[in-house]
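Structure first, commentary second.
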Amino acid sequence: MHNTQNITDNLIYVGASDRRLALFENIYPIARGVSYNSYLLRDEKTVLFDTTDASVAHQFFANVEHALGSRGLDYLVVHHMEPDHAATLADLLLRHPEATVVCTAKAAQMIQQFFGCQPEKLMTVKEGDTLCCGSHTLTFTMAPMVHWPEVMMTFDTTTGTLFSADAFGTFGALSGNIFADEVNFEQEWINDARRYYINIVGKYGVQVQNVLKKAATLPIKMICPLHGPVWRKNLGWFIDKHNTWSSYEPEDKAVVIIYGSVYGNTEAAAMRMATLLAQRGIANIKAYDASHTDMSLLVAECFRASHIVLAASTYNNGIFTPIENLLADLKAHAWQRRTVALIENGSWAPQSGKLMRTELEQMKDITIVGDTATLKSALHDDEPLTALAEAFAASMK
Ligand code: FEO
């Protein structure tokens, strides 16, 4: 049975959602599922924008056939070759050998790499090329590294619709409400949108900024991403979020405390630090145990907040592994422009503070406030933390 939805009179949603997958890209937990979006334009020509992940193939093909009705498929536009969107491409072409694949030269190369053959009908496009489908004219714009090098976007100049590939996407399955203005996005979706953006595309802030500059020149009325809801209202709010994330500026002036604690003593010090900061007027402090919080959320929180406290036990003469891994992931995502305070613990040779500082000094524009607060085994009074709490609170003013 098909489950399509009309976005406009002649643009039909033919994607589907997966709530069974535990880990997106086999690494990111998606408790709220994920949608794999695909769109069919019915003009004088029929145009399918992307295919889907294999997990939703059955629903996707039922949707495409229903949306096409008795018509054939004239064009398949491939914006992105990652298998969450292109796994069903070869099957689609078996069903519709009449379709011409429209994509970048690099995507064509990836089709060969993934499927071992080229489409019979292939049209490679580059920046500014257009395709007239009847009353709709499509303009193609390149978006390399958002999120792979072959990525492009399509702008429907007739309706002002941007088919944005991975950009402006989010984790989260769709539940009937296909438009962002039909869900409580600011309350219920934004954390997953941030976690999706930061972890998937966060490393490529420069490339995202380039796309945002191009987008600013287009009269965009609607954004159709490859994951998550379609945007037809309040576009500026979501574009602004991406501008903040991709420029590596903090989203919130706020404190996030992340600790790695073997037996709970480093945790106790981190939580005492939280209290000392609260006593100095800092509101909305968030604290996370790095051993019990998924890395993707920790990284996203470090992008959200302006001020981060890292507390780590010394372990094998190094940084307790969860915090060591967090620092490696932050570095991999080009994390920068933040203010940090450090707390270390070690029963005989505290090392974690020095080692965390070394890692942070390799990142861009990280300000480390004051001296590292050092405890040996356990905290017995506020003295090791007081000066750091004072300086850290002052740095927020
Ligand atoms: Fe949703 Fe980069 O694929």
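The values are calculated or read from the model by the stated rules, or taken from the named source; none is laboratory data. The model shown is predicted, which means the values in this text are computed figures rather than measured ones. Note: accessible area is taken over every heavy atom of the protein model, side chains too, but ligands, DNA and RNA are not part of it. Shrake-Rupley method; radii C 1.70, N 1.55, O 1.52, S 1.80 Å.
Laid out as a table, the results:
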| quantity | calculated |
| --- | --- |
| Rounded if a/c under 1.5, otherwise prolate or oblate - the range 297-397, Cα gyration tensor axes | oblate |
| Share of carbon and sulfur in the accessible heavy-atom surface of the chain [1.4 Å probe, %] | 49 |
| Cα Rg, Dmax, the range 47-135, angstrom units | 12.6, 36 |
| Too-long pairs where the Cα-Cα distance tops 27 Å, listed order kept, from LYS121/LYS233; LYS45/LYS126; LYS286/LYS354; LYS241/LYS397; LYS106/LYS221; LYS253/LYS376 | LYS121/LYS233; LYS106/LYS221; LYS253/LYS376 |
| Fraction of beta bridges assigned by DSSP in the chain that are antiparallel (%, nearest 5) | 40 |
| Longest to shortest principal axis, alpha-carbon extents of the range 5-246, angstrom | 44, 39, 36 |
| Residues with amide H under 5 Å from that of HIS147, placed H, sequence gap 5 or more | ASP166 |
| Orientation-averaged projected area, Cα convex hull of the range 204-299 (nm²) | 8.6 |
| Where the chain is the region considered: accessible area per residue in Å², 1.4 Å probe | 41 |
| The chain, relative contact order in percent, only Cα pairs under 8 angstrom and at least six apart counted | 11 |
| Surface accessible to a 1.4 Å probe, SER17 within the full protein complex, Å² | 40 |
| Mean separation of Cα contacts under 8 Å (6+ apart) over length of the range 256-395, as relative contact order % | 26 |
| The chain, helix-only ellipticity at 222 nm - DSSP H runs n ≥ 4, -39,500 (n - 2.57), divided by all residues, nearest 500 | -9500 deg cm²/dmol |
